[in-house]
Amino acid sequence: VRRNTVRDITKLKGERPVVSLTAYTAPMAAQLDQYVDFLLVGDSLAMVLYGMESTIGVSLDTMIEHTKAVMRGAQKAMVILDMPFGSFEQSKEQAFENASRALRETGCAAVKLEGGAAMAETIQFLVERNVPVMAHIGLRPQAVHVMGGYRTQGKNQEERAQMIEDAFAIQKAGAFSVVLEGVAEPLAAEITEKLDITTIGIGASPDCDGQILVVEDMLGYFPSNAKFVKRYAEVGQVIDQAVKQYADDVKSRIFPAPEHTYHAKK
Ligand code: KIV
Ligand code: NA
């Protein structure tokens with residue numbers, strides 16, 4: 001199988017919605033591979049996998065190891081590494097140093113980074129040097145400390161004007177796509193219509209060019225009560241029942257049974 005490229009993703013605009021999910025591990029990537037156009041190794045793993053309170057504490061080294069695992073697990077999906085807090089904001093040179101390292105060491109095809117107009121110069125610097133960039137505006141989890149929490153964006157005129165300015169700046173800088181997170185209707189529709197590049201929504205309405213969710217959220221394996229998460233399964237409950245049964249079986253010596261037991265030859 002041939003792995004999807006940035007071009008394969010971008011040419012879907014106007015044709016059909018782009019399908020994407022997060023993945024952090026090889027087995028999950030393998031399981032999602034045939035259904036998604038791309039997989040994002042999101043810095044949300046800080047919370048979902050590592051139990052941290054925000055995405056602030058995750059390192060580039062950690063992101064690189066998980067992206068290697070996802071690349072091993074998925075053969076068809078394009079894989080994108082999410083640049084963590086502190087790895088790209090200081091200067092465009094710092095961003096290139098770290099983004100190029102991400103591509104070199106993992107084999108992934110693109111990076112994502114949070115920020116709009118303020119990151120345009122950095123995005124242009126990366127794209128001119130052959131690092132494809134997906135931007136991320138609206139609710140930016142890495143800005144949690146300046147925003148004082150997580151709030152849906154685009155609810156007032158000032159925020160809307162800023163986000164449209166950000167979107168155009170990102171496009172002009174050469175990003176191939178942009179994540180719109182936590183954006184109130186009808187702003188995502190307006191941005192998607194005005195931009196030539198691919199918009200990927202999360203909590204941003206069905207009018208985006210594609211959708212992404214954190215896979216553990218939609219599987220019911222992470223306690224999210226966000227309105228935008230549709231729970232397609234209750235994997236947490238399945239695990240709970242299985243582990244409870246195992247514990248009961250061990251205590252009552254039902255497990256292991258003869259068929260789980262090795263015997264020496266007579
Ligand atoms: O870190 C992440 O999982 C993300 C997506 C939700 C867009 O940034
Ligand atoms: Na992220």
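Since every read-out is calculated from the coordinates, none of them should be taken as a lab result. Computed from a prediction, not measured in an experiment: that's the story for all the values here. Quick reminder, even Gly has a Cβ in these numbers, built from the backbone with ideal geometry, and neighbours come from all protein chains shown.
Extending each Cα 7 Å along its Cβ direction at Val235 and Glu105, get the distance between those two points in nm, one decimal. Those two pseudo-labels are separated by 2.6 nm. Counting every other Cβ atom within 10 Å of each residue's Cβ, Val250, Val178, Val144 order from fewest to most as Val250, Val144, Val178.
Scanning residues 5 or more positions from Leu39 or on other chains, those with amide H under 5 Å from its amide H are Met78, Val79, Ile80, with H placed 1.01 Å from N in the peptide plane.
Subtracting the Cα-Cα distance of Tyr150 and Ala118 from 0.36 nm times their residue separation leaves 9.5 nm of extension gain. Under 13 Å from a label point 7 Å along Cα→Cβ of Thr5: give me every residue in the stretch 87-127 with its amide N that close. Of the residues in the stretch 87-127, 109 have backbone N under 13 Å from the label point off Thr5.
State which entries of Lys13/Lys112; Lys194/Lys227; Lys13/Lys227; Lys92/Lys230; Lys68/Lys155 exceed 30 angstrom in Cα-Cα distance in the structure shown. Don't jump to the answer; show the numbers that get you there.
On the way: Lys13/Lys112 19 Å; Lys194/Lys227 26 Å; Lys13/Lys227 26 Å; Lys92/Lys230 37 Å; Lys68/Lys155 38 Å.
Check vs 30 Å cut-off fails for Lys92/Lys230; Lys68/Lys155.
Among the GluC sites (Glu not before Pro) found in the stretch 165-238, those both in a DSSP coil and sparsely packed, with 13 or fewer other Cβ atoms within 10 Å of their Cβ, are Glu234. Around the amide H of Val183, modelled in the peptide plane, lie the amide H atoms of Gln153, Ala204, all under 5 Å away and 5 or more residues distant in sequence or on another chain. A Förster radius of 41 Å, combined with the Cβ-Cβ distance separating Ala226 from Tyr246, puts the computed FRET efficiency at roughly 0.85.
Which trypsin sites (Lys or Arg not before Pro) in the stretch 1-89 sit in a loop by DSSP (not H, G, I, E or B) and have at most 14 other Cβ atoms within 10 Å of their own Cβ? Sites meeting the loop and neighbour criteria: Arg2, Lys11. Put simply, the amide H of Val18, placed in the peptide plane, has neighbours under 5 Å in Gly210, Gln211, leaving out anything fewer than 5 places away on its chain.
In the chain, a dipole from Cβ-located charges (positive for Lys and Arg, negative for Asp and Glu) runs towards its positive end, and of Thr10, Gln237, Val250 it is Val250 whose Cα lies farthest in that direction.
Per-residue Karplus couplings for the stretch 22-33, computed as 6.51 cos²θ - 1.76 cosθ + 1.60 with θ equal to phi - 60°, are listed in order as 7, 8, 10, 10, 5, x, 5, 4, 4, 6, 8, 3 Hz, Gly and Pro entered as x. Relative contact order for the stretch 10-90: 36 percent, from Cα pairs under 8 Å spaced at least 6 residues apart, divided by residue count.
The distance between label points at Ala257 and Ile56 comes to 5.2 nm (points 7 Å beyond Cα on the Cα→Cβ vector).
Per-residue Karplus couplings for the stretch 139-152, computed as 6.51 cos²θ - 1.76 cosθ + 1.60 with θ equal to phi - 60°, are listed in order as 6, 10, x, 5, 9, 3, 6, 7, 7, x, x, 10, 10, 4 Hz, Gly and Pro entered as x. Whole angstrom only: what separates the Cα centroid of the stretch 146-184 from the Cα centroid of the stretch 190-207? Using only Cα atoms, the two centres lie 11 Å from each other. Shown for the chain are the DSSP H helices of 15 Å or more along their axis, judged by Cα atoms, with a mean Kyte-Doolittle hydropathy of at least -0.5: 60-73, 235-251.
Rounded to the nearest 500, the 222 nm mean residue ellipticity of the chain from helices alone is -11000 deg cm²/dmol, with -39,500 (n - 2.57) taken per DSSP H run of at least 4 residues. Positive end of the dipole of the chain (Cβ unit charges, origin at the Cα centre): among Ala46, Ser87, Pro206, the Cα lying farthest that way belongs to Ala46. Our summary gives the stretch 123-179 a relative contact order of 53 percent, counting only alpha carbon pairs under 8 angstrom and 6 or more residues apart.
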